[in-house]
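Structure, as structure tokens:
The values are calculated or read from the model by the stated rules, or taken from the named source; none is laboratory data. Remember, it's a predicted structure, so these values are computed and weren't measured experimentally. Here the Cβ positions follow ideal geometry from the backbone for every residue, glycine too, while neighbour counts run over all protein chains shown. Side chains included, ligands, DNA and RNA excluded: accessible areas come from the protein's heavy atoms. Shrake-Rupley method; radii C 1.70, N 1.55, O 1.52, S 1.80 Å.
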Amino acid sequence: MAAVSLRLGDLVWGKLGRYPPWPGKIVNPPKDLKKPRGKKCFFVKFFGTEDHAWIKVEQLKPYHPHKEEMIKINKGKRFQQAVDAVEEFLRKTKGKDQASSHNSTEEKNRRNSSEERGKQSAGEEKCKASLSEGKVKKGTGEGKKRVSSVSSERGSKSPLKRAQDQSPRKRGRPPKDEKDLTIPESSTVKRVMTGTVAGFKWPPSVSEPVKDSDPHFHHFLLSQTEKPAVCYQAITKKLKVCEEETGSTSIQAADSTAVNGSITPTDKKIGFLGLGLMGSGIVSNLLKMGHTVTVWNRTAEKCDLFIQEGARLGRTPAEVVSTCDITFACVSDPKAAKDLVLGPSGVLQGIRPGKCYVDMSTVDADTVTELAQVIVSRGGRFLEAPVSGNQQLSNDGMLVILAAGDRGLYEDCSSCFQAMGKTSFFLGEVGNAAKMMLIVNMVQGSFMATIAEGLTLAQVTGQSQQTLLDILNQGQLASIFLDQKCQNILQGNFKPDFYLKYIQKDLRLAIALGDSVNHPTPMAAAANEVYKRAKALDQSDNDMSAVYRAYIH
């Protein structure tokens, strides 16, 4: 098969890591993003996601010739949404081309019409002058003299000169009494001003690296509803730090629609310990955005994929911490978090003054406070940063990060947090993020148990579970979480996106948090019992939606 020539702006199918071929578009890369050495590659922005990456030419196929083939082998909902996004882009592009052609034809017709009117006007003026001269000849001598004088004066000036005399505007600076004069708008200006705001494109600035006006790629731009004085920001994502009345701080992309746009990675060496469901997606996004990452996992085989993607391998947690500036960790529970830091060849052995440790595990406040104390006692810097999300959101770089501890370290982690998440919050002193994370997961776990309870009640009362889902999706409870978890149950697919055993652990810790301050948590307690029942039915390593099985057994 002959090689297909690709160029900037082409729609393509691209193979990204372990994912199936995905529709995308070849675009200009960010100015600060270096092209990989070696084989020829293009920078591709993928539709229906916030992903973009350098893709080798041999992993790219033209979109249209391979469309039917790709649709046959990929049936997922997200994939179909991506294809729909491509088709919408093509429709809009075709519409713009037709509108541009139509406008050009209209403009040409207007010019021709204007010229014709000019000729007609000149002819009429000439005709009037001739008639006037005829009438003068028939009048008396005095009349002849008076009209002749007027006619002579009129005839001495060209049509252009007469038009200038009749016009209230003259060359040069307008007189003071003309300040409020209204100038008629041209048809072009009218079309621009009456169009939608979204259709308006600010003049490009010098720093604009991408000239693509495709709405699916607008994550490189500031919101177009801002005042015209605001020009494009550089492609590098800037941080916006918002102090809230609560005293917390959030960091997010300057364009709230631009999650994971283009990021300038920190020049600090990053370490990452723990490559589970969440950690794997986080590391993948850190590498994708250009960070230098050293990885370690208790099961070493999990590191292989990331080594192939450019990560370095650390033999022990202590080695990773000692060779990196900032080390992140994401493990399963309080015991695993303590063992990682305090165990043989653990994190603590690699801590020296200035070394930074960020624990992203969901644990209780007492555990994270203890870890902070031992890290700081060795001269290290500590930040807790548990994440809200699941495997899919981790892969997509759409996590929400809740951080507390060393504020300076939080800011040093900004490019990492942008790579892995859509928003991060700084919540103050160590322990606050752990408490907030447990509360968030308590609400989520209780909601999941309620969904399962509703679906089983529908079933035993002879109601359609699918109809129940359709009704919920049209109401105030509609959400991606609701739809995905219900689909899991209806399809009997409990492949883990968030382990059931971990949500039960979080419910248990949240109930203990309530006990510590004498606050009742009866809903969480009830949900916890249902998850415990599901664990007894061997559902621990399935998705949290498998709590449904606790109701049908």
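Odds and ends about this structure:
- Around T323: net Lys/Arg minus Asp/Glu count, Cβ-Cβ under 13 Å: +4
- In this structure the amide hydrogen of T423, modeled in the peptide plane, comes within under 5 Å of the amide hydrogens of I401, none closer than 5 places in sequence on its chain.
- The antiparallel fraction among DSSP beta bridges confined to segment 250-429 stands at about 25%.
- Distance in nm between pseudo-label sites at Q459 and Q392 (7 Å out along the Cβ direction from Cα): 2.1 nm
- Relative contact order (%) - segment 310-377, alpha-carbon pairs under 8 angstrom, separation at least six: 39 percent
- W22 exposes around 40 Å² of accessible area when a 1.4 Å probe is run over every protein chain in place.
- Summed residue charge, Cβ within 10 Å of T367's Cβ, Lys/Arg positive, Asp/Glu negative: -4
- Charge sum, other residues only, whose C-beta stays under 12 Å from I552's C-beta, Lys/Arg counted +1 and Asp/Glu -1: +1
- Rounded percent of accessible protein surface that carbon and sulfur make up, segment 510-553, 1.4 Å probe: 55 percent
- With 0.36 nm allotted per residue and the present C-alpha distance subtracted, the E301-Q491 stretch has 65.3 nm of extension available.
- With protein chains left intact and a 1.4 Å probe, residues in segment 250-429 average 35 Å² of accessible area per residue.
- Carbon and sulfur %, accessible surface of segment 250-429 computed with the full protein complex present, 1.4 Å: 48 percent
- Surface accessible to a 1.4 Å probe, M442 within the full protein complex, Å²: 40 Å²
- Nitroxide proxy distance, nm - points 7 Å out along Cα→Cβ at V57 and D84: 3.6 nm
- In segment 437-550, one over the average inverse separation of all distinct C-alpha pairs is 14.3 Å, which is the Kirkwood hydrodynamic radius.
- Cβ-Cβ FRET estimate between V376 and D325, R0 fixed at 25 Å, reported to 0.05: 0.90
- Averaged over residues, the count of other Cβ atoms within 10 Å places the peptides 86-92, 54-60, 449-455 in the sequence 449-455, 54-60, 86-92, highest first.
- Probe 1.4 Å, protein heavy atoms only - accessible area per residue of segment 437-550 in square angstrom: 51 Å²
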